[in-house]
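Below: the structure, in structure tokens.
What follows draws every value from the coordinates through simple rules; no lab data is involved. Note that this is a predicted model, so its numbers are computed, not measured. All Cβ positions, even for glycine, are placed from backbone atoms using ideal geometry, and neighbour counts span all protein chains on display.
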Amino acid sequence: MKAAVKRIQLPTSDPVEAVARFVTGFTHNIKSPLTGVRGYGEMIGREDDRARRAYWSQRLMGGLESLDLMIEGVRRYQLPTSVTPQRVSARNLVRSAWCIAAQITSGARARNLQLVNSFAADVELTVDPLHYRNLLVNLLQNAIDASPVGAAVRVQPGTGAEVLSVRDSGDGLHGLSREQITQPFFTTRSDRAGLGLAVATQIAALHDQRMEWIETDAAGLTVRIVTGQATGAKGVCGE
């Protein structure tokens with residue numbers, strides 16, 4: 001019996017298709033929490049029992065939190081022209097990015113993926129909190145996409161020039177190059193805009209950093225964030 005062959009969608013870089021994919025994916029994902037919020041609000045209005053009203057209020061707040069995370073997820077495509085670095089908890093930044101990535105990635109929770117966050121509680125990074133979190137969301141979303149059921153996504157602090165690394169247990173780059181995967185609107189997913197890694201590359205550059213993709217004989221892909229911009233690196237708009 002032949003082993004099943006894993007197939008990926010052919011890459012595309014058409015901006016019109018990318019926008020259509022993004023709109024379709026976002027509207028599909030937002031319907032469930034929006035429907036829930038509407039229903040919880042109706043139940044609160046119908047309930048006379050205080051305990052039941054408190055229960056539906058709690059569910060309502062949970063739905064609003066889900067919507068908030070999804071809206072934050074959209075901001076991962078926000079392209080900054082400058083950054084304002086400050087000292088922030090690395091562990092909390094990674095945790096926050098993971099929550100958003102898991103919320104906006106279809107099927108993430110059903111696959112029971114785990115985050116292994118190896119940053120100690122007292123470790124800080126000097127970065128722009130909003131934009132660097134967006135960088136991490138984009139990397140973590142790709143790692144979630146690539147990971148099999150029950151796998152772990154590992155985020156580890158680096159040493160020397162390496163700031164941190166993100167490692168998944170997927171099948172790697174499928175022969176694609178760094179130049180291809182960071183090209184704006186390039187994607188192998190039917191529900192992506194293809195801007196995540198392009199934006200992440202720009203955010204890293206504004207922090208005087210670059211990203212490196214490392215494949216080994218073992219399953220998985222490691223993305224390293226390293227200080228010092230790559231020679232000739234270009235931003236999303238080719239700047």
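Of note:
- Sorting Ile44, Ile203 from the fewest to the most surrounding beta carbons within 10 angstrom yields Ile44, Ile203.
- Distance between the 7 Å Cα→Cβ label points at Leu64 and Asp208: 4.3 nm.
- Close amide-amide hydrogen proximity is noted between Glu124 and Ala90, each under 5 Å apart and 5 or more residues distant or on a separate chain (H modeled in the peptide plane; Pro and chain starts excluded).
- Residue-by-residue Karplus 3J(HN,Hα) for the range 82-98, coefficients 6.51, -1.76, 1.60, Hz, glycine and proline x: 7, 10, 10, x, 8, 7, 9, 5, 5, 4, 5, 5, 5, 4, 5, 5, 5
- Phi to ³J(HN,Hα) by Karplus 6.51 cos²θ - 1.76 cosθ + 1.60 over the range 141-154, Hz, x for Gly, Pro: 5, 5, 5, 5, 4, 7, 7, x, 4, x, 7, 10, 9, 10
- Exposure proxy ranking for Arg50, Arg111, Arg38, based on other Cβ atoms within 10 angstrom of each Cβ and starting from the fewest, stands as Arg50, Arg38, Arg111.
- Neighbour-count ranking [beta-carbon atoms within 10 angstrom, fewest first] of Ile104, Ile30: Ile30, Ile104
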